[in-house]
Amino acid sequence: MAKERTLLPETIKKVIATSALTLLVLVSSPDVVGKRRIPPGGRVAVVVDERLSALRAAPDLTAKLLERLSRGHLVSIRGERTTADGLKFYRVALSRRTFGWLQSDAVVVPWRAGDDRGLLTLIENSDEFDRIVRAKTFIDAFPQSLLRAKVLAMYAGEAEDVADKLTRDAARRFTKNELPPIGAPEFSYYLNYNGLDRYNREGITFLFDRATRKFSYNGAAWREILKRYPNSPEAGEARKHLDALGPRQRP
């Protein structure tokens with residue numbers, strides 16, 4: 001009789017993390033599937049800081065630049081090396097043919113202890129678009145993190161602020177004199193507003209009220225806080241925001 005194989009806790013964490021990143025790819029919008037294709041190998045990481053995401057030919061900041069990886073790009077870690085000045089580099093695979101060296105600070109690794117805390121710090125020091133996209137990356141990559149409720153609240157709050165800004169910007173863009181009286185319906189101009197493009201590419205969408213001509217956030221992260229973390233400090237804030245959204249948005 002074959003012996004049952006027991007998975008070590010660290011192995012289980014890696015399996016969960018890889019599965020979470022697989023799900024991230026599956027639910028991403030079609031526009032970003034290309035950059036989020038899972039590379040070969042099991043130790044998957046995701047780029048979160050494009051300021052440090054230079055893929056190099058060697059583990060050295062002066063080595064030849066192969067390409068700059070965009071935020072959200074998935075890489076497979078194949079090895080690592082620490083330089084004399086204390087910088088850690090990962091040897092990563094982008095595909096079966098493309099390899100290089102990447103500074104470890106450019107990525108988060110879901111199964112690496114402390115990476116959720118590091119990404120939270122990066123989110124806290126980001127603004128607007130960077131803040132909401134990095135928060136979404138955290139939510140996708142760290143489903144079991146103890147910091148998840150806090151990041152969900154940050155994501156939801158930023159989404160509400162972004163919706164208000166989009167409303168103001170679109171109102172200035174689409175004045176009554178600019179929109180033609182006949183032809184395409186007015187709401188279609190708003191939903192095609194190019195200010196939405198970069199959020200849409202990241203799989204972040206907003207609701208639009210045709211009567212008030214306002215964009216809004218649907219409150220999904222607030223509802224998740226109440227469902228999964230009802231006793232958290234963020235739950236009270238979630239209830240307040242959902243009450244403001246109205247009965248249809250309450251859990």
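The values are calculated or read from the model by the stated rules, or taken from the named source; none is laboratory data. Source: prediction; values computed, not measured. Heads up, the Cβs are rebuilt from the backbone with ideal geometry, glycines too, and the neighbour counts pull from every protein chain shown. SASA here: full protein model, heavy atoms, side chains in, ligands and nucleic acids out. Shrake-Rupley method; radii C 1.70, N 1.55, O 1.52, S 1.80 Å.
For residues in segment 87-131 being modelled with pLDDT under 90 and among the aliphatic types (A, V, I, L, M), which is least open to solvent (accessible area, probe 1.4 Å)? The extreme case among them is V109.
So that you can scan it fast, the table gives a plain yes or no per residue for (1) modelled with pLDDT under 95; (2) under 17 Å from the mean Cα position of the chain (by Cα); (3) closer than 30 Å to I38 by Cα:
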residue: R148; (1), (2), (3): no, yes, yes
residue: V151; (1), (2), (3): no, yes, yes
residue: D164; (1), (2), (3): no, no, no
residue: G183; (1), (2), (3): yes, no, no
residue: G195; (1), (2), (3): yes, no, yes
residue: R213; (1), (2), (3): yes, no, no
residue: A220; (1), (2), (3): yes, yes, yes
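Conditions (1) under 12 Å from P110 (Cα atoms); (2) modelled with pLDDT of 75 or more; (3) charged (D, E, K, R), marked per residue:
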site: I16; (1), (2), (3): yes, no, no
site: S19; (1), (2), (3): yes, no, no
site: L23; (1), (2), (3): no, no, no
site: T82; (1), (2), (3): no, yes, no
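Do you know which residues across segment 50-105 are over 18 Å from P40 (Cβ atoms) and of a type in the set (F, W, Y)? F89 - this is the single residue of segment 50-105 that is over 18 Å from P40 (Cβ atoms) and of a type in the set (F, W, Y).
Within segment 58-86, which residues are assigned to a loop (DSSP other than H, G, I, E, B), of a type in the set (A, V, I, L, M, F, W, C) and open to solvent by less than 40 Å² (accessible area, probe 1.4 Å)? Of everything in segment 58-86, those that are assigned to a loop (DSSP other than H, G, I, E, B), of a type in the set (A, V, I, L, M, F, W, C) and open to solvent by less than 40 Å² (accessible area, probe 1.4 Å) turn out to be A58, A63, L69. Any residue at all in segment 131-154 that is under 30 Å from T83 (Cβ atoms) and of a type in the set (D, E)? Within segment 131-154 (the criterion being under 30 Å from T83 (Cβ atoms) and of a type in the set (D, E)), the answer is no, since none of the residues qualifies. For segment 98-184, the helices (runs of 4 or more DSSP H) that sit wholly inside it and include 3 or more residues that are among the basic types (K, R) are 128-141, 148-173. Residue pairs whose Cβ atoms lie under 9 Å apart, sitting 6 or more positions apart in sequence or on different chains, and linking a residue in segment 58-84 that is free of Cβ contacts under 8 Å to residues at least 12 places away in the same chain to a partner that is assigned to a strand (DSSP E or B) and of a type in the set (S, T, N, Q), do not occur here. When you check N218 against the structure, is it without any contact (Cβ under 8 Å) to a residue 24 or more places away in the chain and within 29 Å of H73 (Cα to Cα), yes or no? Judged against the criteria, N218 is not a match. Just so you know, in segment 33-53 the residues that are surrounded by 13 or more Cβ atoms within 10 Å (Cβ to Cβ), among the aliphatic types (A, V, I, L, M) and more than 18 Å from D130 (Cα to Cα) include one that is modelled with the highest pLDDT, and it is A45.
Rundown of residues vs (1) of a type in the set (D, E, K, R); (2) within 21 Å of K136 (Cβ to Cβ); (3) without any contact (Cβ under 8 Å) to a residue 40 or more places away in the chain, yes/no style:
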| position | (1), (2), (3) |
| --- | --- |
| R148 | yes, yes, no |
| E158 | yes, yes, yes |
| A171 | no, no, no |
| L196 | no, yes, yes |
| R201 | yes, yes, no |
